[in-house]
1. Which GluC sites (Glu not before Pro) in segment 215-278 pass both tests, a DSSP loop state and at most 13 other beta-carbon atoms within 10 Å?
2. Share of segment 332-373's accessible area from carbon and sulfur, percent, 1.4 Å?
3. Over the chain, with a Gaussian network built from C-alpha contacts below 10 Å, which listed residue (L266, L27, L150) shows the highest mean-square fluctuation?
4. Go ahead and set up a Gaussian network model of the chain, Cα springs under 10 Å, then flag whichever of L388, L143, L236 fluctuates most.
5. Suppose all protein chains stay in the model; what accessible area per residue would a 1.4 Å probe give for the chain, in Å²?
6. At a Förster distance of 25 Å, what's the computed FRET efficiency of K298 paired with K325, Cβ-Cβ distance as r, to 0.05?
7. T228's amide H: which non-local residues (gap 5+, or another chain) put their own amide H closer than 5 Å, with H modeled 1.01 Å from N in plane and none for Pro or chain starts?
8. How big is the charge dipole of segment 103-167 about its Cα centre, in debye rounded to the nearest 20, if each Lys and Arg gets +1 on its Cβ and each Asp and Glu gets -1 on its Cβ?
Amino acid sequence: MSLNNTPRSNRLHIGIYGKRNSGKSSLVNAITGTETALVSDYAGTTTDPVYKSMEIYGIGPCVFIDTAGFDDEGEIGALRVKKTKEALDKTDIALVVFDGSKNIEKEKEWIKTLKNKRIPTVAVVNKADLIHDVEEVSSYIKLETGTEPLVVSAKEKSGIEKIRNAILRNLPEDYDTQTITGGIVKDGDLVLLVMPQDIQAPKGRLILPQVQTLRELLDKKCVVLSTTTDQLDKALASLAQAPDVIITDSQVFKTVYEKKPQESKLTSFSVLFAGYKGNIDYFTKSVTAIDNLREDSKVLIAEACTHVPLTEDIGREQIPRLLRKKVGENLTIDIVSGPNFPSDVSSYDLIIHCGGCMFNRKYVLSRIEKAADQNIPMTNYGIVIAYLSGILDRISIN
């Protein structure tokens with residue numbers, strides 16, 4: 001990812017769903033104006049979902065998810081459909097593509113699923129150039145689904161602008177309303193960033209949450225200073241006034257809290273992302289479940305990244321060590337990374353998620369919803385460290 005590019009996790013995710021050979025991949029290519037997806041006359045060309053980041057006028061930075069046909073068959077087909085269903089958890093807005101036939105039971109089923117998941121949905125009849133009774137087909141789809149479809153031809157590039165306009169009309173209500181710093185930081189504040197530069201942020205690099213937070217603070221016209229933990233005393237002493245806000249890495253929460261001026265608000269990058277990507281209220285409510293853990297309890301730690309474990313890794317070493325110190329060495333802690341989040345989490349007593357900077361908000365919220373539906377508490381790295389450090393009630397969380 002170039003420093004000039006919007007990270008995929010911050011882009012609108014547009015999922016394309018439909019039967020095999022309904023023209024989903026051709027439609028993606030027509031909308032994006034590039035040969036993004038492989039097109040073939042053979043059904044089932046698309047296997048795993050294909051993610052393509054684009055910039056589209058009026059929509060802005062977005063990701064198109066080209067999925068396998070939801071009518072795929074056989075053992076391999078079932079695996080492809082499973083991957084297509086998993087893509088729903090990342091989808092901000094869906095395009096359901098109809099192939100022109102009146103056999104639309106599968107499409108009706110998927111539109112119902114999308115509505116149940118509160119995903120805005122646009123129905124599209126593709127291949128209008130091949131359908132003789134396109135108006136009749138369109139009326140039938142509207143009657144059966146309650147949704148009036150757009151009629152387009154990916155091959156002839158006709159009606160494509162209607163799709164772009166429909167996406168704009170159907171954007172999720174809360175899309176692009178979340179900010180990283182929320183109400184903690186106001187325009188013009190003096191903000192001090194405490195950013196340990198260790199093995200997880202090697203020479204020449206800043207981690208993504210630090211970069212994104214810094215950019216937002218500049219947009220807010222804040223005066224931003226940064227330091228490492230070992231230079232915190234010197235940084236504070238050099239200031240003519242106390243910082244309005246201090247944002248730190250969660251792993252040094254307690255150290256920074258003990259040194260910060262009384263009037264300075266304190267939070268962490270992970271806590272900020274708990275609200276930016278997830279549900280801060282559910283996270284702070286859930287963290288108290290730590291007090292109920294016993295040595296025979298089970299905890300799931302979920303990381304968005306799929307990096308090779310590093311020395312003193314916050315999710316794989318630091319948090320497990322803190323938990324076992326409090327609960328006991330026999331506490332069972334499972335760790336998953338990337339997309340490997342179990343559908344059944346009912347066996348766990350607590351889930352602890354990273355900041356989720358590599359995921360879009362829809363995906364993190366889908367995991368929280370899954371945990372809540374199974375009555376499992378779920379919290380976040382920064383919230384856990386603040387709680388175990390005894391300072392959660394003394395930091396700023398929203």
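The values are calculated or read from the model by the stated rules, or taken from the named source; none is laboratory data. Small disclaimer: the values here were computed from a predicted structure and weren't measured. In this analysis, Cβ positions are derived from the backbone assuming ideal geometry, glycine residues included, and neighbour counts consider all displayed protein chains. Surface areas here come from the heavy atoms of the whole protein model, side chains and all, with no ligands, DNA or RNA. Shrake-Rupley method; radii C 1.70, N 1.55, O 1.52, S 1.80 Å.
1. E263
2. Working: 770 of 1600 Å².
Carbon and sulfur together cover 48 percent of it.
3. Top of the fluctuation ranking is L150.
4. Of L388, L143, L236, the most mobile in the Gaussian network model is L143.
5. I get 48 Å² per residue for the chain.
6. Computed FRET efficiency for K298 and K325 comes out at 0.90.
7. M195
8. 480
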